[in-house]
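Data block below; observations after.
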Amino acid sequence: MAAIALSVSTVKPLGDRVFIKVSESEEKTTGGIFLPDSAKEKPQVGEIVAVGPGKRHDNGTIHTIDVAIGDKVLYSKYAGTDIKLGTEEYVLLSEKDILAIVS
């Protein structure tokens, strides 16, 4: 079986899915206490790096996605599939799991 080299430029989401680069998690609390890796929570904010064409309806029309590449978004905590490319973490999830665009 041949190995496939994945990078952000080679991943193209299908349907209504988006590919999000996860923001860094907090290293310390507001009180100044440094958190170990086991105590850090999974971030729920990230930047969209790739967008699928949209959801196809039964009649053949495509509903385009409301977010674009470069948007910072807030998404559901346990949504999507976690993917690690090199040292960067990404999430592949459906548009319905995006809660808000963060400005």
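Laboratory data are not the source of any read-out in this text; all were calculated from the coordinates shown. Just so it is clear, the structure is predicted and the values come from calculations on it, not from any experiment. Don't worry about glycine lacking a Cβ; one is built from the backbone with ideal geometry, like all the others, and counts go over all protein chains shown.
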(message) Please list, in order along region 64-80, the HN-Hα scalar couplings obtained from phi with the Karplus expression 6.51 cos²θ - 1.76 cosθ + 1.60 (θ = phi - 60°), rounded to whole Hz, x for Gly and Pro.
(response) 5, 7, 7, 10, 10, 4, x, 5, 8, 10, 9, 10, 4, 4, 10, 8, x
(request) Distance from a point 7 Å along Cα→Cβ of S7 to each backbone N in region 48-76: keep the residues under 16 Å and list them by number. (result) 50
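Within 10 Å, count the other beta carbons around each residue, average over each peptide in 71-77, 83-89, and list them highest first.
Ranked by mean Cβ neighbours within 10 Å, highest first: 71-77, 83-89.
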